[in-house]
Each structure stands twice: as structure tokens, then as C-alpha cells.
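Notes follow once the structure below has been shown.
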Amino acid sequence: MSTSTTAAPLLQADGIAKRFGQVVTARSVDFHVKAGEALGIVGPNGAGKSTLLNLVTGTLPVDGGRIRFDGEDVTRLPAARRTERGIGRTFQVPRPFEGLTVFENVLVGASFGAGKRGREANEQAWEALETSGLDHLANTRAGSLRLLDRKRLELARALATQPRLLLLDEIAGGLTEQELPTLIETIATIRDRGTGVIWIEHIVHALLQVVDRLMCLAQGDVVATGDPHEVMASDEVAAVYLGAVDSQDELVAEPTTAHTEEAQA
Ligand SMILES: Nc1ncnc2c1ncn2[C@@H]1O[C@H](COP(=O)(O)OP(=O)(O)OP(=O)(O)O)[C@@H](O)[C@H]1O
């Protein structure tokens with residue numbers, strides 16, 4: 001658990017708005033994260049979760065609202081400048097440089113993300129590899145890694161930029177139940193060292209083992225936010241997920257109905 005949750009927010013996002021044509025991915029979203037705190041984000045597919053991360057990193061511009069990082073207004077700051085300030089991220093689909101070794105991949109993060117050179121970049125890359133539990137595979141070609149190690153590499157590449165805020169986009173996706181505990185432990189360690197973490201994840205039980213607060217998004221609106229277990233138990237969140245299940249059921253139900261009518265005819 002975080003030890004510094006009474007501190008001022010590291011990241012403060014107010015009234016964040018974003019739309020793609022008719023699709024509203026953020027209506028007026030407020031959230032914050034403190035140093036040493038982990039915020040989880042859940043919500044059905046298409047809720048706007050990844051887009052929200054892209055707005056925080058600066059990969060996409062906001063349509064409205066304000067983002068402050070460590071007291072500075074970064075709303076209009078280019079993505080590279082935000083990385084330099086200490087906002088790092090992993091991507092939903094890891095895309096390492098397949099032909100480079102694991103170490104070389106992480107060195108790229110230390111060099112271009114954190115702006116380190118020479119020995120300092122090397123040390124930073126090693127530290128990121130050790131934290132991610134990937135140091136034993138430093139000389140392996142990234143293209144030959146299994147999924148868990150690709151995820152670890154994704155994490156190490158982000159850590160090599162020395163983030164004070166780490167954004168994780170479905171880092172546990174696709175992993176087996178046996179593979180989850182070490183990854184969960186690693187994320188908790190990073191948080192406990194004082195890094196702010198925002199973690200988007202569909203594997204809710206993994207999320208609940210780490211996050212201090214949870215926010216549920218649906219169609220660009222915050223449905224609930226607060227204590228993780230209370231949020232997951234709330235009627236509002238149940239309705240959102242039930243809605244998603246209902247619409248899937250409808251899709252499944254159509255052919256069944258048609259089949260029954262056919263049989264009766
Ligand atoms: N660059 C873009 N251009 C147009 N529409 C986009 C773009 N990025 C996202 N969208 C749309 O915005 C909506 C929200 O997408 P987003 O990826 O943020 O959702 P999500 O909550 O992360 O979903 P998932 O859990 O499936 O990853 C979707 O309808 C998506 O198609």
C-alpha cells in the first residue's frame with residue numbers, strides 16, 4: 001500500500017474532454033494520482049480508457065480540460081517533453097525492436113526517453129531490467145521472447161525513461177494465471193518506491209491486488225471512483241458491465257430465436 005497518499009497530486013486532470021466525430025471518449029473527466037499511489041481504470045471495451053492515457057502522455061491533444069503534472073500545466077506540452085518531465089507508459093500491444101537484444105531495446109528507452117548517455121544510460125537500462133525481472137535475458141533477441149517476457153520488456157522500456165508517473169495499458173492482458181503474481185508484485189514494488197501508477201486492466205482481480213483507488217469509465221463518463229472493492233461492488237458499475245453482457249447476449253440470442261422460429265415453421 002502507498003505510504004504517501006496524503007501528498008499533493010503528482011497528476012491532476014480536470015474536465016478532460018475528447019471526441020472522435022460522434023464518439024465521445026471523455027465528456028468531462030476529473031482524476032488525480034499521487035506519488036506512490038496506484039489508480040486503476042476499468043470499463044467496457046471502447047469506454048475511452050486507452051484514449052485517456054494518450055491524452056495524459058500527449059500522444060493525442062485534449063479537446064478541453066487541463067492536465068497538471070507536478071504542479072506544471074502540461075496540457076499543451078508535446079509528448080516527448082512530457083516523457084522528459086517523467087510521464088512514462090507501456091502499450092497494450094508490445095512492439096519492441098524485434099532484431100535488437102532485450103538490453104538494446106531498454107537502452108533505447110534510457111537514451112531517447114530519459115536522455116541519458118554512455119555509462120549512465122547503461123546503468124539505467126540495467127536497473128530497469130532488474131526491476132522488471134528480465135536481466136537474465138538481457139542478450140536475448142527481443143523477437144524470440146514469449147508473451148510474459150515481452151510484457152516485462154515493455155515495462156522495462158518504460159522504466160528506463162525514469163518515470164515518476166507510469167501508465168500501464170493492459171500489461172497483464174493475455175497472461176496465464178500462473179504468470180500474473182510476479183508481474184503484480186513488480187508493479188506493487190514500483191508503486192511502493194514512490195512512482196505514481198495508472199493501470200488500465202480488464203483482469204480485475206489482478207488490478208485489485210495493487211491499486212489504491214479505482215475509476216470506472218463508460219462511454220467517456222466516470223461511472224464510479226474510490227475504494228477499489230466498493231467501486232466494483234457498486235450498482236452503477238454492475239449496471240455498466242451488465243449492459244455490456246446484455247448487448248452481447250442479444251447478439252447471441254438472435255440466431256437462437258431465428259433457429260427456434262425455423263424449427264416451429
Ligand atoms: N484515433 C482514433 N480515431 C477515431 N476513433 C478512435 C481513435 N482512438 C479511439 N477511437 C475510438 O474511441 C473509442 C474509445 O476507444 P479506447 O481505445 O480509448 O477505448 P478503451 O476503453 O481503451 O477500449 P478497450 O478496453 O477495448 O481497449 C472507441 O470507440 C474507439 O474506436
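The values are calculated or read from the model by the stated rules, or taken from the named source; none is laboratory data. If you're wondering where the values come from, they're calculated on a predicted model, not measured in any experiment. Here the Cβ is made from the backbone with ideal geometry for all residues, glycine too, and neighbour counts use every protein chain on show. Areas reflect the complete protein model, heavy atoms only, side chains present, ligands, DNA and RNA absent. Shrake-Rupley method; radii C 1.70, N 1.55, O 1.52, S 1.80 Å.
Some points to look at:
- Number of residues in the range 226-236 that are touching a residue at least 12 places away in the same chain (Cβ under 8 Å), surrounded by fewer than 21 Cβ atoms within 10 Å (Cβ to Cβ) and either within 12 Å of the ligand (Cβ to nearest atom) or not in a loop (DSSP other than H, G, I, E, B) (or both): the value is 4.
- Any pair with Cβ under 8 angstrom, 6 or more apart, that starts in the range 38-65 at a residue that is farther than 20 Å from Ile87 by Cα and open to solvent by less than 10 Å² (accessible area, probe 1.4 Å) and ends at one that is within 13 Å of the ligand (Cβ to nearest atom) and assigned to a loop (DSSP other than H, G, I, E, B): Val42/Glu201; Val42/His202; Ala47/Gln219; Ala47/Gly220
- With respect to the stated conditions, Leu167 fails to be modelled with pLDDT under 95, farther than 13 Å from Val106 by Cα and of a type in the set (A, V, I, L, M, F, W, C).
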